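**Q** First, the structure itself, so that you have it in front of you.
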Amino acid sequence: MTEGAPIRVVVLAAGNDARGDDALGPLLLARIEALGIDAVRCVFDFQFQVEHALDLGEADLALFVDAHADQVEPARLGQIEAARRPPTGSHALSPDEVLQVYARVCSADAPPCFMLSLRGETFELGAGLSRAAEESLEAGWALAQRLFDCPDANRWRTHCA
Amino acid sequence: MSFELETAPNRENLRRVAIDPVSRVEGHGKVTLLLDEAGHIHEARLHIVEFRGFEAFIRGRPYWEVPVMVQRLCGICPVSHHLAAAKALDRVVGAVPVTATADKMRRLMHYGQILQSHALHFFHLSSPDLLFGFGSPVGQRNIVGVARAHPDVAKQGVLLRKFGQEVIRATAGKRIHGTAAVPGGINRHLDAADRDLLAAEVDQMVAWSQGAVALVRRLHEADPALYDQFGHFESGLLSLVRDDGAMDLYDGHLRLRDAAGTILRDDVADQEYLSLITEEVRAWSYMKFPYVTELGPQAGWYKVGPLARVQNCDFIPSPLAEAERKAFIDYTGGAIQHAPLAFHWARMIEMLHAAEVIREMLPDPDLVAGERMADGVRTGEGVGIIEAPRGTLIHHYGVGDDDLVSMCNLIVSTTHNNQAMNHAVRAVARKYLDGRELTEGLLNHIEVAIRAFDPCLSCATHALGKMPLIVELHDAGGAVVDRLSRD
């Protein structure tokens, strides 16, 4: 990063807006994109995948956004590290597996990466957003605004659960 | 009607092992094994435990929305659904054939999808199995040696996939939720700047694809006992082929070969697929079991996908891939290869073909100029068939006078392979698990066999926390006596 230059942030969101609360990722991403911050690049996909490792290489700070089927809080921020072993999940990677791919492919440490997960309950094809997910979206949006008020890894860590 | 090991006669007295869900394949798949006290397998099934409801999602929508909307069915192969739907609805608007520009833009998009999907599967989903072994110690030593000789495999896989995604973005308008293919044609040309960027990289993609074919071929040659026998079963082969018998992944007629390689049905027009295929429902799985109607469910099941396509066509119309197809055929002296691990070899031959097709197409002036739309006499029904990365994909729609979809039938690639995957699971269970103490490593053999088909089991639900691998061992009364889990 050049001294004095704005911190380049990449926001990677995953989800499917036709599958109920799976839409949380793209919905929050749309709000972040609407902030219009020049140094923030937004990336959307149905699922996190190996090529997203390349997006990390162009950033000083990264934020993953996704629905979470198994958490209590409406929105939760945590810093993530590379998974210890190669991805074994499915066609989709978890964010820590994306970092693991980055380490293998780029032979370098990834920038500080954070995960903003939003609680979801229903993921059926054709379903709309649940009441719980609406609450998660607002909680996530409030948190995201605080993050982008000061895009700095140390400040972001103070918001981690 | 039931196959060997499909349903045990004395189920209540057996132990039950569940692999739920199957890792490294998409969605809600589950394998259950029923064993007696001595550990002998009496039943093995691959279940689909989620009702997908695609047809209900689509019925009642305006037909022109469908090619965009169906991309939301599957986060793995949205382009295939996009194009199959557009092809079906070309019939409804009477646009047969579409213009040269529309045909070529769609083909380019499709081969970009094939390239990126096959790259992901081989380099990142299967390479841990193939390069580091999953059973035989001797095989593992050979394979590790190959891996050491190819340290750039992971990076090449990412960049090949990225290139394929860029082809999709350049042709579909967006990489996600593309809108380019519409009933009757295409709504954009290829931008010349995008064409030039892709052209600058495509030679490298062809070279890496050649390297991938060579790698998987060497794996076969290094351990033929494993690669030729693991999960082996025989079945018919179904795919599209071009009118002259060439491999064509975008369009053509249906061809069926039997397990020995004899062509049983040929020249079946896409609009006539119902004259060939019947779908059977079984109580224990949400996924149907298609079979060739005239052969019946016991003999008429088949496999689709790369292993079927490479052996069903008469030739591949690109020189490097055709040379590799011939080597593939020569490997068995012309006999049909049925072993599931041969899917990987065939898949890489197709990836090379896709890279060659993209290279050949990019300079075509019809991509950057020319008529985009065609029309004709409006009809009420259309079928679109495409060879998606995982195999034959069928979209069939009826459209009312009110322009709303009144009927919808989708047969996705993984459904075609349902019976074949079950046979692979049973073959592996019989050979590797029967009478032995079950370990996670042995259970992984089951998953390796399933992964060879690259199935897409639920399409697009992926939220965090939804897909840990859980293996549970139940006693005869159904109580959990052992459990393994990994995130």
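The values are calculated or read from the model by the stated rules, or taken from the named source; none is laboratory data. Computed from a prediction, not measured in an experiment: that's the story for all the values here. We place every Cβ from the backbone using ideal geometry, glycine too, and count neighbours over all the protein chains shown.
**Q** Restricting to segment B:77-122, and then to whatever is within 16 Å of B:PHE163 (Cα to Cα) and of a type in the set (Val, Ile, Thr), can you tell me which residue is farthest from the other protein chains (Cβ to nearest Cβ)?
**A** B:ILE114
**Q** So if I check each of B:PRO389, B:PRO340, which one is within 30 Å of B:ASP196 (Cβ to Cβ) and crowded, with 23+ Cβ neighbours inside 10 Å?
**A** Details: B:PRO340 fails: within 30 Å of B:ASP196 (Cβ to Cβ).
So the residue among B:PRO389, B:PRO340 that is within 30 Å of B:ASP196 (Cβ to Cβ) and crowded, with 23+ Cβ neighbours inside 10 Å is B:PRO389.
**Q** I'd like to check something: does segment B:256-268 contain any residue that is modelled with pLDDT of 95 or more, among the β-branched types (Val, Ile, Thr) and in a loop (DSSP other than H, G, I, E, B)?
**A** Yes: segment B:256-268 contains one or more residues that are modelled with pLDDT of 95 or more, among the β-branched types (Val, Ile, Thr) and in a loop (DSSP other than H, G, I, E, B).
**Q** Can you report the number of residues in segment B:257-271 which are touching a residue at least 60 places away in the same chain (Cβ under 8 Å) and not small (Gly, Ala, Ser)?
**A** Looking only at segment B:257-271, we keep the residues that are touching a residue at least 60 places away in the same chain (Cβ under 8 Å), and these are B:257, B:259-261, B:270-271.
If we keep only those that are not small (Gly, Ala, Ser) too, we end up with B:257, B:270-271.
Counting residues in segment B:257-271 that are touching a residue at least 60 places away in the same chain (Cβ under 8 Å) and not small (Gly, Ala, Ser) gives 3.
**Q** Sort out for me the helices (runs of 4 or more DSSP H) sitting completely within segment A:49-161 that have 2 or more residues that are more than 14 Å from chain B (Cβ to nearest Cβ). I'd like the intermediate steps shown before the answer.
**A** Working: elements: A:52-56, A:95-106, A:131-149, A:153-157.
Here the list reads A:131-149, A:153-157.
**Q** Here's something else I'd like to know. What are the residues in segment B:413-444 that are at pLDDT below 85 and of a type in the set (Lys, Arg), if any? Explain how you work it out, then say what you get.
**A** The first filter runs over segment B:413-444 and keeps only residues at pLDDT below 85, leaving B:433-444.
Across segment B:413-444, the qualifying residue is only B:ARG436.
**Q** Pull up segment A:31-65, narrow it to residues that are under 16 Å from B:ARG169 (Cβ atoms) and of a type in the set (Asp, Glu), then point me to the one that is surrounded by the most Cβ atoms within 10 Å (Cβ to Cβ). Walk me through it before giving the result.
**A** Residues of segment A:31-65 that are under 16 Å from B:ARG169 (Cβ atoms), as a first pass: A:41-46, A:49, A:51-52, A:54-55.
Of the ones still in play, those that are also of a type in the set (Asp, Glu) are A:45, A:51, A:55.
Working: A:ASP45: 21, A:GLU51: 26, A:ASP55: 17.
Ranking the candidates gives A:GLU51 first.
**Q** Look at B:TRP301 and say whether it is buried (at least 18 other Cβ atoms within 10 Å of the Cβ) and in contact (Cβ under 8 Å) with a residue 40 or more places away in the chain. Write out each step before concluding.
**A** Working: buried (at least 18 other Cβ atoms within 10 Å of the Cβ): yes; in contact (Cβ under 8 Å) with a residue 40 or more places away in the chain: yes.
Spelling it out, B:TRP301 is indeed buried (at least 18 other Cβ atoms within 10 Å of the Cβ) and in contact (Cβ under 8 Å) with a residue 40 or more places away in the chain.
**Q** Scan segment A:111-120 and tell me whether some residue there is modelled with pLDDT under 90 and crowded, with 17+ Cβ neighbours inside 10 Å. Break it down stepwise before answering.
**A** Keep residues of segment A:111-120 that are modelled with pLDDT under 90, which gives none.
Scanning segment A:111-120, I find no residue that is modelled with pLDDT under 90 and crowded, with 17+ Cβ neighbours inside 10 Å, so the answer is no.
**Q** Continuing with this model, one more query. With the checklist (1) in a helix (DSSP H, G or I); (2) within 14 Å of another protein chain (Cβ to nearest Cβ); (3) aliphatic (A, V, I, L, M) in hand, flag the one item B:VAL213 doesn't pass.
**A** (2)
**Q** Separate question: Looking at segment A:7-32 only, could you name the residues that are away from every other protein chain (no Cβ under 13 Å) and in contact (Cβ under 8 Å) with a residue 60 or more places away in the chain? So that I can check it myself, show each step before the final result.
**A** Kept after step one, since they are away from every other protein chain (no Cβ under 13 Å), are these residues of segment A:7-32: A:7-11, A:27-28, A:31-32.
Within segment A:7-32, A:ILE7, A:VAL9, A:LEU27, A:LEU28, A:ARG31, A:ILE32 qualify.
**Q** Being among the hydrophobic types (A, V, I, L, M, F, W, C), modelled with pLDDT of 65 or more, out of contact with any strand residue (DSSP E or B) (no Cβ under 6 Å at 6 or more places or on another chain) and outside any helix (DSSP H, G or I) narrows it down to one residue among B:PHE134, B:PHE123; which is it?
**A** Details: B:PHE123 fails: outside any helix (DSSP H, G or I).
Within the list B:PHE134, B:PHE123, the selection yields B:PHE134.
**Q** Restricting attention to segment B:47-87, and to residues there that are under 20 Å from the mean Cα position of the chain (by Cα), at pLDDT 85 or above and among the aliphatic types (A, V, I, L, M), which single residue is farthest from B:ASP403 (Cα to Cα)?
**A** B:VAL79
**Q** Regarding B:ASP194, is this residue among the acidic types (Asp, Glu), within 25 Å of the chain's Cα centre (by Cα), at pLDDT 95 or above and under 25 Å from B:SER318 (Cα atoms)? Even if it seems obvious, please write down each step before you answer.
**A** On the way: among the acidic types (Asp, Glu): yes; within 25 Å of the chain's Cα centre (by Cα): no; at pLDDT 95 or above: yes; under 25 Å from B:SER318 (Cα atoms): yes.
Considered against the rule, which asks whether it is among the acidic types (Asp, Glu), within 25 Å of the chain's Cα centre (by Cα), at pLDDT 95 or above and under 25 Å from B:SER318 (Cα atoms), B:ASP194 comes out as no.
**Q** Let me ask something else. In segment B:273-285, is there at least one residue being closer than 19 Å to B:ASP251 by Cβ and of a type in the set (Asp, Glu)?
**A** We begin by selecting, within segment B:273-285, every residue closer than 19 Å to B:ASP251 by Cβ; these are B:273-277.
From what's left, of a type in the set (Asp, Glu): none.
Scanning segment B:273-285, I find no residue that is closer than 19 Å to B:ASP251 by Cβ and of a type in the set (Asp, Glu), so the answer is no.
**Q** What number of residues within segment B:325-374 are in a helix (DSSP H, G or I) and without any contact (Cβ under 8 Å) to a residue 12 or more places away in the chain? Full working, then the answer.
**A** Taking segment B:325-374 as the starting set, the residues that turn out to be in a helix (DSSP H, G or I) are B:325-331, B:342-361, B:365-367.
Subset that is without any contact (Cβ under 8 Å) to a residue 12 or more places away in the chain: B:326, B:330, B:365.
Total satisfying the criteria: 3.
**Q** Within segment B:249-256, does at least one residue satisfy the condition of being surrounded by fewer than 15 Cβ atoms within 10 Å (Cβ to Cβ) and in contact (Cβ under 8 Å) with a residue 12 or more places away in the chain?
**A** Step one: filter segment B:249-256 for residues surrounded by fewer than 15 Cβ atoms within 10 Å (Cβ to Cβ), giving none.
So far as segment B:249-256 goes, no, none of its residues is surrounded by fewer than 15 Cβ atoms within 10 Å (Cβ to Cβ) and in contact (Cβ under 8 Å) with a residue 12 or more places away in the chain.
**Q** Right, something else. I need the full set of residues from segment A:80-98 which are modelled with pLDDT of 85 or more and out of contact with any Cys (no Cβ under 6 Å at 6 or more places or on another chain), in order please.
**A** Within segment A:80-98, the subset modelled with pLDDT of 85 or more is A:80-82, A:94-98.
Once the filter is applied, which keeps residues that are modelled with pLDDT of 85 or more and out of contact with any Cys (no Cβ under 6 Å at 6 or more places or on another chain), segment A:80-98 yields A:GLU81, A:ALA82, A:SER94, A:PRO95, A:ASP96, A:GLU97, A:VAL98.
**Q** Given the structure, is B:ASP36 surrounded by fewer than 24 Cβ atoms within 10 Å (Cβ to Cβ), on the phi < 0 side of the Ramachandran plot and among the acidic types (Asp, Glu)? Please lay out each step first, then the result.
**A** Numbers: surrounded by fewer than 24 Cβ atoms within 10 Å (Cβ to Cβ): yes; on the phi < 0 side of the Ramachandran plot: yes; among the acidic types (Asp, Glu): yes.
Against the criterion (surrounded by fewer than 24 Cβ atoms within 10 Å (Cβ to Cβ), on the phi < 0 side of the Ramachandran plot and among the acidic types (Asp, Glu)), B:ASP36 qualifies.
**Q** Does A:ALA153 qualify as being farther than 26 Å from A:ILE37 by Cα and surrounded by fewer than 21 Cβ atoms within 10 Å (Cβ to Cβ)? Break it down into steps so the answer makes sense when it comes.
**A** Values: farther than 26 Å from A:ILE37 by Cα: no; surrounded by fewer than 21 Cβ atoms within 10 Å (Cβ to Cβ): yes.
Considered against the rule, which asks whether it is farther than 26 Å from A:ILE37 by Cα and surrounded by fewer than 21 Cβ atoms within 10 Å (Cβ to Cβ), A:ALA153 comes out as no.
**Q** Does A:LEU35 fit the bill of being over 21 Å from A:ASP152 (Cα atoms), more than 10 Å from every other protein chain (Cβ to nearest Cβ) and at pLDDT 95 or above?
**A** Working: over 21 Å from A:ASP152 (Cα atoms): no; more than 10 Å from every other protein chain (Cβ to nearest Cβ): yes; at pLDDT 95 or above: yes.
No; evaluated as a whole, the condition is false for this residue.
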